[in-house]
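To start, the structure itself, in structure tokens.
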Amino acid sequence: MKNNVKYASLLLIMIVLISTLTACGKNNGGTLTFGTNAEFPPFEFETDNGLIDQYDGIDIAIAKMIAEESDMTTAIVNMDFESLLDALQNDQVDAVIAGMTVSDQRLEQADFSIPYYTATQVMIVKEDSDVFRASDMKDKKICVIEGYTGESCVIGMGYPYESYESGTDAVMELINGNCDVVVIDSATAKKYVHDNAGLKIVEDSEAFESEEYAIAVKKGNTELLDKINTIIEARIEDGTIADFGIKYTNAGE
Ligand code: ARG
């Protein structure tokens, strides 16, 4: 009997030890699942050796930071950009981090954290283009990405356009001469121009307003939203989020 008690307590200690080790002290609180659309460098992209599975980028680093500081494991679910807010609604994901600009329309579908990044739409054109401001697009072939705020901007300007599934697709059309200008977010545009010869960025701060990226949660999930806001606030203040920006913006340069 005495021996049995000893054995049982030894077993218990071992179980506790093993579970602590496998948890690495990280996932005691379960898994925090983030939805994203990993076709938006430098915020999220796929790579051989990603930070979380095959996913990497500024948003992935932020997602991992939030989960770790909440004592949770990070999971990333990659999907169409336009499915992200539905996935929140269906409880497929806990949060959405996707370089997503806060807009009135999106605020009807989800709650958003405090912003962590400020961006603006820009125009990517060929180096010899005669597009110098947004109004020069009026008789050009314009490419946008389906469901992105760049599309809403061009709709607002009243110009015809074609929409593509990803920034890479749209930039390919530009390179191949099937379109004259791609309207897309600034940091992503810089990445494409850096990676492809013969392209340049044209800015027009009067035509394109600044946009703020934030993390979305299901409407009413104040517990998670408060947690995210506390972490984002502290990590903006101590420069961690700015450092992620520098790291992924300069990568490969
Ligand atoms: N900021 C733009 C928007 O909210 C584009 C975001 C695209 N993000 C992505 N992960 N594909 O519409």
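Taking the Cβ of Val217 as the center, what net charge do the other residues with Cβ under 15 Å away carry, scoring Lys and Arg +1 and Asp and Glu -1? Before the final figure, lay out the partial values.
Details: positive: Arg106, Lys218, Lys219, Lys227; negative: Asp59, Asp86, Asp91, Asp94, Glu108, Asp111, Glu223, Asp226.
Spelling it out: positives minus negatives among the neighbours equals -4.
Debye-formula intensities of the chain, expressed as log10 I(q)/I(0) at q = 0.09, 0.13, 0.15 Å⁻¹, are -0.45, -0.83, -1.05 (one equal scatterer per alpha-carbon, no solvent).
Please report Rg over Rh for segment 131-253, where both radii come from the alpha carbon positions and Rh follows the Kirkwood definition. Before the final figure, lay out the partial values.
On the way: Rg = 17.2 Å, Rh = 16.6 Å.
The Rg/Rh ratio comes out at 1.04.
Residue pairs exceeding 18 angstrom between C-alpha atoms, taken from Lys140/Lys190; Lys64/Lys190; Lys126/Lys191; Lys140/Lys200: Lys140/Lys190; Lys64/Lys190.
For segment 131-136, putting each phi into the Karplus relation 6.51 cos²θ - 1.76 cosθ + 1.60 with θ = phi - 60° gives couplings of 8, 10, 8, 4, 5, 5 Hz, in residue order, rounded to whole numbers and with x for Gly and Pro. Each residue of segment 168-182 is assigned a 3J(HN,Hα), and the resulting list reads 4, 4, 5, 5, 4, 4, 5, 4, 7, x, 7, 8, 9, 8, 10 Hz, derived from the Karplus form 6.51 cos²θ - 1.76 cosθ + 1.60 (θ = phi - 60°), x at Gly and Pro. Once both labels are positioned 7 Å from their Cα atoms along Cα-to-Cβ, the gap between Glu209 and Thr47 label points is 3.4 nm. With all pairs of separate Cα atoms included, segment 20-159 yields a Kirkwood hydrodynamic radius of 17.0 Å.
For a quick check, take a GNM of the chain with Cα springs below 10 Å and name the residue from Gly156, Gly167, Gly30 with the largest mean-square fluctuation. Evaluated over the chain, the most mobile residue of the options is Gly156. Only helical runs count toward this figure. For the chain, summing -39,500 (n - 2.57) over DSSP H runs of n ≥ 4 and dividing by all residues gives -12000 deg cm²/dmol at 222 nm. Largest GNM mean-square fluctuation among Thr240, Thr101, Thr188, using the chain with Cα springs under 10 Å: Thr240.
Assuming R0 = 35 Å, can you tell me the calculated FRET efficiency for the pair Ser152 and Asp91, based on Cβ-Cβ distance, to the nearest 0.05?
Numbers: r = 27 Å, r/R0 = 0.78.
Rounded to the nearest 0.05, the efficiency is 0.80.
Amide H to amide H, with H built 1.01 Å from N, Tyr117 comes under 5 Å of Tyr213, counting only residues 5 or more places away or on other chains. Taken about its Cα centre, segment 65-219 carries a charge dipole of roughly 280 debye when the Cβ of each Lys and Arg holds +1 and the Cβ of each Asp and Glu holds -1.
Between Ile201 and Glu223, the simple label model (points 7 Å from Cα in the Cβ direction) yields a spacing of 4.1 nm. Largest GNM mean-square fluctuation among Ser113, Ser152, Ser166, using the chain with Cα springs under 10 Å: Ser152. Peptide packing: for 70-77, 191-198, the average count of neighbouring Cβ atoms within 10 Å per residue gives the ranking 70-77, 191-198, highest mean first.
Round to a whole number: what % of the accessible area of segment 167-215 belongs to carbon and sulfur, probe 1.4 Å? Spell out each step's value before the answer.
Details: 870 of 2160 Å².
Accessible surface attributable to carbon and sulfur in segment 167-215 totals 40 percent.
For segment 69-86, putting each phi into the Karplus relation 6.51 cos²θ - 1.76 cosθ + 1.60 with θ = phi - 60° gives couplings of 6, 9, 6, 10, 8, 8, 10, 10, 10, 8, 8, 4, 4, 6, 8, 4, 6, 5 Hz, in residue order, rounded to whole numbers and with x for Gly and Pro.
The values are calculated or read from the model by the stated rules, or taken from the named source; none is laboratory data. Predicted model, so just to flag it, every value in this text is computed and none were measured. Counting neighbours? That spans all protein chains shown, and the Cβs are built from the backbone with ideal geometry, glycine included. Only protein heavy atoms, including side chains, enter the accessible area calculation; ligands, DNA and RNA are left aside. Shrake-Rupley method; radii C 1.70, N 1.55, O 1.52, S 1.80 Å.
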